[in-house]
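Since every read-out is calculated from the coordinates, none of them should be taken as a lab result. These figures come from a predicted structure and were not determined experimentally. Counting neighbours? That spans all protein chains shown, and the Cβs are built from the backbone with ideal geometry, glycine included.
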Amino acid sequence: MLNVEHIGIAVKNFSEANGLYYRLLGVEPYKTEYVESEGVNTSFFKVGGTKIELLEGTTEDSAITKFVEKRGEGIHHIAFEVEDIYAEMERLKKEGFALLNEAPKKGADNKLVCFVHPKSATGVLVELTQEIR
Ligand code: ZN
């Protein structure tokens, strides 16, 4: 795996959280994107060599809506950039990690993504992310 590509933070109110992170980080989000397949609004802030991704659930059954209801706002996942997501998924399967999806999905920010189940990763939802080239 390469660098920490971004840290995903689940929020309750998208516009309030964007304002708060603008004041906290001193930069505007460089991108906001609605991901219909996941039922989430996302925004991305560049911070040094990595990014902060804010996620707001837009539907009742969105994973982010459920997360916020259950655990409140906070860190939702850590995303690691990978060179070859297919090879990395195979490697992790062999290592005994439970993957949440069988094949990479199209995520926000022009990426292919796959998630590792928190139960197999010390309670942390791990995202693998590869730039679509
Ligand atoms: Zn993410």
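Take the residues in the range 105-120 that are outside any strand (DSSP E or B) and in contact with a Phe, Trp or Tyr (Cβ under 7 Å, 6 or more places away or on another chain), then tell me which one is farthest from the ligand (Cβ to nearest atom).
If we take residues in the range 105-120 being outside any strand (DSSP E or B) and in contact with a Phe, Trp or Tyr (Cβ under 7 Å, 6 or more places away or on another chain), then SER120 is farthest from the ligand (Cβ to nearest atom).
Sort out which residues of the range 48-72 are more than 14 Å from the chain's Cα centre (by Cα) and either assigned to a loop (DSSP other than H, G, I, E, B) or surrounded by fewer than 15 Cβ atoms within 10 Å (Cβ to Cβ) (or both), and write them in order of number.
GLY48, GLY49, THR58, THR59, GLU60, ASP61, LYS66, GLU69, LYS70, ARG71, GLY72
From VAL82, VAL126, which residue is within 12 Å of the ligand (Cβ to nearest atom) and at negative phi?
VAL126
So in the range 31-79, with the set limited to residues that are among the hydrophobic types (A, V, I, L, M, F, W, C) and in contact with a helix residue (DSSP H, G or I) (Cβ under 7 Å, 6 or more places away or on another chain), which one is farthest from the ligand (Cβ to nearest atom)?
VAL47
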